[in-house]
Amino acid sequence: MAQRFQAPKGTRDILPADSALWAAVEAVARAVFGRYGFREIRTPIFEETELFARGVGESSDIVGKEMYSFVDKGDRNLTLRPENTAAVVRAYVEHGMARQPQPVKLFYIGPQFRYERPQKGRYRQFHQIGAELLGGKGAESDAEVLLMLVALLGELGFRDLKVLINTVGDEASRSAYREALVGYLESHREKLSDESLRRLSTNPLRILDSKSPQEQELLAGAPQLRDSLTGESRAHFAAVCAALQQFDVAFEVSPRLVRGLDYYTNTVFEIVSEGLGSQNAICGGGAYEGLVEELGGSPTYGVGFAIGEDRLLDVLPADSPARRAGLFLSVGPVVVTDSEKLP
């Protein structure tokens, strides 16, 4: 008997019975994005490896440990995209979108690839629904993107949503805080895991979201990022919070929320659903000021988010309108022949 093949570890087939629900969720996303003036962009599944090294950050776990990279027959170093913000920004720069009326609002839906330990809701090929607003006006853009995200999740049937929000400050703020945090942690090296010791020299802010109880106890006495913020960063964050309050969006300031990508500045956020238990994060994102310039463009403000679509489908409420639409798409319209019609 010939060898039977299976999908590679960390991947899966989305069969017709499930594809209908995926299509219904994506249709809701496209409708909400369209109302806010966002247009779809489709970037290549692979890019130059250097794009992610510069865009995501050499010290990030993604670049250091999780990318699928290869050398093609033309001796080019390429990588299956592990995230899509860097690719969208590359397209923004390459196609001169800065010359268009600003801000430029883009959304994407598609697969990403990371070499991670497969577990429930986490795959090596995973799918994201995301949006990027480029060329906007700082806090105003942050608030717009957050409001759109909350609207999208609400239309998908999620209730009891909460925005976890923080500021990682501008470069001056982060530099001052990094120095204070490293000084504190260096005096407690014996309490740090091997992974945190590695991050201490490469990306110390990532230690803040350690899940280790011992490290969480240690971090309770660490310097607070808010104490290192510049006046400009404080004002920016206050404006974002005020906008969320104005539109009655429930949010909570989460001082240790930093996100895992090096390009974030000022506002970072996650959306959680109160009814989902400990694994309650649905999506996340943040603002970035230096990324467009890092990838060859002019200084440009950007903010965006990504929803893990696989995770989203796992926790989609039972009464979600998308489930009803997905059921219709799965069954399909009924075709009645002439002989079956009533007289």
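Computed from the coordinates by the stated procedures, all read-outs in this text should not be read as laboratory data. The structure presented is a predicted model; accordingly, all values stated were derived computationally and were not measured. Note that each Cβ is placed from the backbone with ideal geometry, even for glycine, and that neighbours are counted across all protein chains shown.
Among the residues of the stretch 114-124, which ones are out of contact with any helix residue (DSSP H, G or I) (no Cβ under 9 Å at 6 or more places or on another chain) and either hydrophobic (A, V, I, L, M, F, W, C) or assigned to a strand (DSSP E or B) (or both)? The one that is out of contact with any helix residue (DSSP H, G or I) (no Cβ under 9 Å at 6 or more places or on another chain) and either hydrophobic (A, V, I, L, M, F, W, C) or assigned to a strand (DSSP E or B) (or both): Gln119. Among the criteria (1) out of contact with any Asp or Glu (no Cβ under 7 Å at 6 or more places or on another chain); (2) assigned to a loop (DSSP other than H, G, I, E, B); (3) over 26 Å from Arg206 (Cβ atoms), the one Ala7 does not fulfil is (1). Does any residue of the stretch 170-179 turn out to be touching a residue at least 60 places away in the same chain (Cβ under 8 Å) and either within 16 Å of Tyr36 (Cα to Cα) or part of a strand (DSSP E or B) (or both)? Scanning the stretch 170-179, I find no residue that is touching a residue at least 60 places away in the same chain (Cβ under 8 Å) and either within 16 Å of Tyr36 (Cα to Cα) or part of a strand (DSSP E or B) (or both), so the answer is no. When the criteria are applied in full, Ala87 fails the requirement of being part of a helix (DSSP H, G or I) and either surrounded by fewer than 21 Cβ atoms within 10 Å (Cβ to Cβ) or of a type in the set (Asp, Glu) (or both).
Close contacts from the stretch 135-154, counting a first residue that is among the small types (Gly, Ala, Ser) and a second that is part of a loop (DSSP other than H, G, I, E, B), with Cβ to Cβ under 6 Å and a gap of 6+ residues or different chains, come to Gly135/Gln102; Gly135/Pro103; Gly135/Thr300; Gly136/Pro103; Gly136/Tyr301; Gly138/Tyr301. Of the residues making up the stretch 238-272, those that are touching a helix residue (DSSP H, G or I) at 6+ places or on another chain (Cβ under 8 Å) and within 15 Å of Gly169 (Cβ to Cβ) are Ala239, Val240, Val253, Pro255, Arg256, Leu257, Val258, Tyr263, Thr265, Asn266, Thr267, Phe269. Pairs are defined by a Cβ separation below 7 Å, a sequence spacing of at least 6 or placement on different chains, a first member in the stretch 45-72 that is at positive phi, and a second member that is aromatic (Phe, Trp, Tyr) and outside any strand (DSSP E or B); the pairs so defined are Gly57/Tyr263.
When the stretch 92-121 is limited to residues that are among the aliphatic types (A, V, I, L, M) and under 17 Å from the mean Cα position of the chain (by Cα), the one that is farthest from Pro82 (Cα to Cα) turns out to be Leu106. Among the residues in the stretch 93-106, are any of a type in the set (Gly, Ala, Ser) and part of a loop (DSSP other than H, G, I, E, B)? Yes, because at least one residue in the stretch 93-106 is of a type in the set (Gly, Ala, Ser) and part of a loop (DSSP other than H, G, I, E, B). Tell me whether the stretch 9-24 contains one or more residues that are free of Cβ contacts under 8 Å to residues at least 12 places away in the same chain and among the β-branched types (Val, Ile, Thr). Within the stretch 9-24, one or more residues are free of Cβ contacts under 8 Å to residues at least 12 places away in the same chain and among the β-branched types (Val, Ile, Thr).
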